[in-house]
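The values are calculated or read from the model by the stated rules, or taken from the named source; none is laboratory data. Predicted, not measured: the structure shown is a model, and the values here were computed from it. Every residue, glycine among them, receives a Cβ derived from its backbone with ideal geometry; neighbour counts consider all protein chains shown. Accessible surface areas use protein heavy atoms only, side chains included; no ligands, DNA or RNA. Shrake-Rupley method; radii C 1.70, N 1.55, O 1.52, S 1.80 Å.
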Amino acid sequence: GTSEPTRAHHRGGGGIVADESGNFIYATLRNTVPGAVVALKRDAETGNVEIHKRAESGGEIPRCITCVGDDLVFVANQEDRKLCCFKGKGELE
(Lines give C-alpha, C1' and ligand atoms only; values in the text may rest on other atoms or scores of the structure.)
Protein backbone atom coordinates (compact mmCIF):
# COMPACT_ATOMS: atom_id res chain seq x y z
CA GLY A 1 0.00 0.00 0.00
CA THR A 2 0.90 3.63 -0.16
CA SER A 3 1.36 5.93 2.77
CA GLU A 4 1.05 9.68 3.09
CA PRO A 5 4.42 11.45 2.92
CA THR A 6 5.43 13.10 6.16
CA ARG A 7 5.24 16.90 6.25
CA ALA A 8 7.08 17.23 9.56
CA HIS A 9 9.94 19.08 7.87
CA HIS A 10 7.48 21.86 6.99
CA ARG A 11 6.81 22.66 10.63
CA GLY A 12 8.55 25.35 12.67
CA GLY A 13 9.22 28.97 11.87
CA GLY A 14 8.42 30.43 8.49
CA GLY A 15 8.97 34.04 7.52
CA ILE A 16 9.64 37.19 9.51
CA VAL A 17 9.42 40.82 8.39
CA ALA A 18 9.17 44.31 9.89
CA ASP A 19 6.75 46.93 8.63
CA GLU A 20 8.02 50.15 7.07
CA SER A 21 7.84 52.12 10.33
CA GLY A 22 9.64 49.41 12.30
CA ASN A 23 6.91 49.47 14.95
CA PHE A 24 5.60 45.98 14.19
CA ILE A 25 7.34 42.75 13.32
CA TYR A 26 5.31 39.93 11.76
CA ALA A 27 6.15 36.24 11.79
CA THR A 28 4.51 33.08 10.47
CA LEU A 29 4.18 29.98 12.63
CA ARG A 30 4.04 26.70 10.74
CA ASN A 31 4.02 24.44 13.79
CA THR A 32 0.41 25.19 14.70
CA VAL A 33 -2.76 23.79 13.15
CA PRO A 34 -4.07 25.84 11.55
CA GLY A 35 -1.03 27.95 10.70
CA ALA A 36 -0.72 31.31 12.39
CA VAL A 37 0.73 34.77 11.98
CA VAL A 38 1.75 36.97 14.89
CA ALA A 39 2.27 40.70 15.20
CA LEU A 40 5.03 41.67 17.58
CA LYS A 41 5.17 45.25 18.87
CA ARG A 42 8.57 46.83 19.31
CA ASP A 43 9.04 49.39 22.08
CA ALA A 44 10.85 52.33 20.45
CA GLU A 45 12.65 53.31 23.66
CA THR A 46 13.85 49.93 24.93
CA GLY A 47 13.81 47.88 21.72
CA ASN A 48 11.97 45.11 23.58
CA VAL A 49 9.46 43.08 21.60
CA GLU A 50 6.22 41.50 22.83
CA ILE A 51 3.34 39.65 21.18
CA HIS A 52 0.67 42.14 20.21
CA LYS A 53 -1.79 39.95 18.30
CA ARG A 54 -2.09 36.46 16.82
CA ALA A 55 -4.37 35.27 14.00
CA GLU A 56 -4.89 32.18 11.86
CA SER A 57 -2.90 32.45 8.64
CA GLY A 58 -5.89 31.71 6.41
CA GLY A 59 -4.35 28.53 5.09
CA GLU A 60 -2.11 25.57 5.77
CA ILE A 61 1.62 25.93 6.50
CA PRO A 62 2.21 29.70 6.20
CA ARG A 63 5.57 30.14 4.54
CA CYS A 64 6.25 33.64 3.26
CA ILE A 65 5.17 36.99 4.64
CA THR A 66 5.61 40.54 3.38
CA CYS A 67 4.40 44.03 4.27
CA VAL A 68 3.23 46.76 1.94
CA GLY A 69 4.10 49.92 3.84
CA ASP A 70 2.46 49.84 7.25
CA ASP A 71 -1.06 49.11 6.01
CA LEU A 72 -1.05 45.58 4.54
CA VAL A 73 0.46 42.22 5.42
CA PHE A 74 0.40 39.32 2.92
CA VAL A 75 0.88 35.69 3.95
CA ALA A 76 1.50 32.90 1.43
CA ASN A 77 0.45 29.46 2.68
CA GLN A 78 2.56 26.68 1.22
CA GLU A 79 0.44 23.55 1.45
CA ASP A 80 -2.85 24.85 0.03
CA ARG A 81 -1.36 27.73 -1.99
CA LYS A 82 -3.63 30.36 -0.43
CA LEU A 83 -2.52 33.99 -0.36
CA CYS A 84 -4.14 35.97 2.44
CA CYS A 85 -4.14 39.71 3.12
CA PHE A 86 -4.38 41.28 6.58
CA LYS A 87 -4.59 44.83 7.86
CA GLY A 88 -1.24 46.10 9.06
CA LYS A 89 -0.40 48.31 12.04
CA GLY A 90 -0.61 45.23 14.24
CA GLU A 91 -4.30 44.59 13.51
CA LEU A 92 -4.10 41.28 11.56
CA GLU A 93 -7.76 41.41 10.54
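Structural remarks
- For residue 82, the residues whose modelled amide H falls within less than 5 Å of its own, excluding neighbours fewer than 5 places apart on the same chain, are 60, 77.
- Percent carbon-and-sulfur accessible area, the chain, ignoring ligands, DNA and RNA, probe 1.4 Å: 50 percent
- Between residue 18 and residue 82, the modelled labels are 3.1 nm apart [label points 7 Å from Cα along Cα→Cβ].
- Length-normalised contact order of the chain in % [C-alpha pairs under 8 Å, at least 6 apart]: 23 percent
- Using θ = phi - 60° in the Karplus curve 6.51 cos²θ - 1.76 cosθ + 1.60, the 3J(HN,Hα) couplings for the range 75-87 round to 10, 9, 9, 5, 5, 9, 6, 8, 10, 10, 10, 10, 5 Hz; x is entered for Gly and Pro.
- The stretch between residue 66 and residue 89, if pulled fully straight at 0.36 nm per residue, gains 7.0 nm over its current Cα-Cα span.
- Of the residues 51, 35, 68, the one whose Cα sits farthest towards the positive end of the charge dipole of the chain is 35 (charges of +1 on Lys and Arg Cβ, -1 on Asp and Glu Cβ, taken about the Cα centre).
- Rounded accessible area per residue of the chain, 1.4 Å, Å²: 62 Å²
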